[in-house]
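*Asks:* First the structure, then my questions, so here it is.
The values are calculated or read from the model by the stated rules, or taken from the named source; none is laboratory data. Please read these numbers as outputs of a predicted model, since none were measured by experiment. Ideal geometry is used to build each Cβ from the backbone, glycine not excepted, and the neighbour counts take in all protein chains shown.
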Amino acid sequence: MYFKQFYLGCLAHASYLIGSDGEAAVVDPQRDVDIYLEEAQHQGLKIRHVIETHLHADFVTGHRELAGHTGAKVYFGAQAGVRFEHVQVHEGDEVRMGDVVLHFLETPGHTPESICILVFDMAKSREPERIQAHLERGRRHERLDRREIRNLHIAVTRITGVTGIGDQGPGISVMND
């Protein structure tokens, strides 16, 4: 399994390139998609999947441009309500790339349509190797209503219960070694 985080400091934005057996997914791509195209080529990967964990209202993402360059499918949580061609992911849906399985969880909280992705490296184990999530980080300055607080609590509880991982960070990758 190939897994690399890209971090854009000026936006405090993390994105990921995940791949196996020549196929790759980009999660939450930033606007400058050349970094993913170059890294995928360097690693011998073809980008086939572009996944947005939620609607990014605070900056422009590169999902459509990246899909245009690669022919990749674009994925959003089923609650996103976007009006362009995409794949809606629901609780329990999966994307398989070689030995890697991306397992989707619907985790409203950061935004109502937020999803989290459990990343399984089946060549190593059937336990989640890494988890990618975008929960409450970045919204600390906003006042959350009771529903949002409850949804965040449920999302964090579900993730830690499924994975046994207790440490989440912003747009995170947490090792389970």
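*Asks:* Please go through the stretch 50-84 and give me each residue that is in a helix (DSSP H, G or I) and in contact (Cβ under 8 Å) with a residue 24 or more places away in the chain, ordered by number.
*Replies:* Across the stretch 50-84, the qualifying residues are HIS63, GLU65, LEU66, HIS69, THR70.
*Asks:* Only residues that are among the charged types (D, E, K, R), assigned to a strand (DSSP E or B) and within 21 Å of LYS46 (Cβ to Cβ): list them for the stretch 85-108, please.
*Replies:* GLU94, ARG96
*Asks:* Any chance you could count how many residues in the stretch 68-105 are in contact with a strand residue (DSSP E or B) (Cβ under 6 Å, 6 or more places away or on another chain) and not aromatic (Phe, Trp, Tyr)?
*Replies:* Matching residues across the stretch 68-105 total 22.
*Asks:* Name every residue in the stretch 5-23 that is more than 10 Å from ALA40 (Cα to Cα), crowded, with 16+ Cβ neighbours inside 10 Å and of a type outside the set (Phe, Trp, Tyr), in order of residue number.
*Replies:* HIS13, ALA14, SER15, SER20, listed by residue number.
*Asks:* Restricting to the stretch 31-60, and then to whatever is basic (Lys, Arg) and surrounded by fewer than 17 Cβ atoms within 10 Å (Cβ to Cβ), can you tell me which residue is modelled with the highest pLDDT?
*Replies:* Per the stated criteria, the residue is LYS46.
*Asks:* Which residues, taken from the stretch 85-124, are surrounded by fewer than 18 Cβ atoms within 10 Å (Cβ to Cβ) and in contact (Cβ under 8 Å) with a residue 40 or more places away in the chain?
*Replies:* Within the stretch 85-124, GLY98, ASP99, ALA123, LYS124 qualify.
*Asks:* Provide a single number: the residues in the stretch 115-133 that are assigned to a loop (DSSP other than H, G, I, E, B) and at pLDDT below 80.
*Replies:* Residues meeting the conditions: 5.
*Asks:* Follow-up question, since we're still on this one. For ARG31, only one of the following conditions fails: (1) under 18 Å from SER114 (Cβ atoms); (2) in a loop (DSSP other than H, G, I, E, B). What is its number?
*Replies:* ARG31 satisfies all of (1) under 18 Å from SER114 (Cβ atoms); (2) in a loop (DSSP other than H, G, I, E, B) except (1).
*Asks:* Could you look through the stretch 84-120, keep only residues that are touching a Ser or Thr at 6+ places or on another chain (Cβ under 6 Å) and of a type in the set (S, T, N, Q), and pick out the one that is farthest from LEU17 (Cα to Cα)?
*Replies:* If we take residues in the stretch 84-120 being touching a Ser or Thr at 6+ places or on another chain (Cβ under 6 Å) and of a type in the set (S, T, N, Q), then THR107 is farthest from LEU17 (Cα to Cα).
*Asks:* ILE18 fails exactly one of the following numbered conditions: (1) part of a helix (DSSP H, G or I); (2) in contact with a Phe, Trp or Tyr (Cβ under 7 Å, 6 or more places away or on another chain). What is the number of that condition?
*Replies:* Failed condition: (1).
*Asks:* Additional query: Among the residues of the stretch 32-66, which ones are among the acidic types (Asp, Glu) and closer than 20 Å to GLU85 by Cα?
*Replies:* Selection gives GLU52, GLU65.
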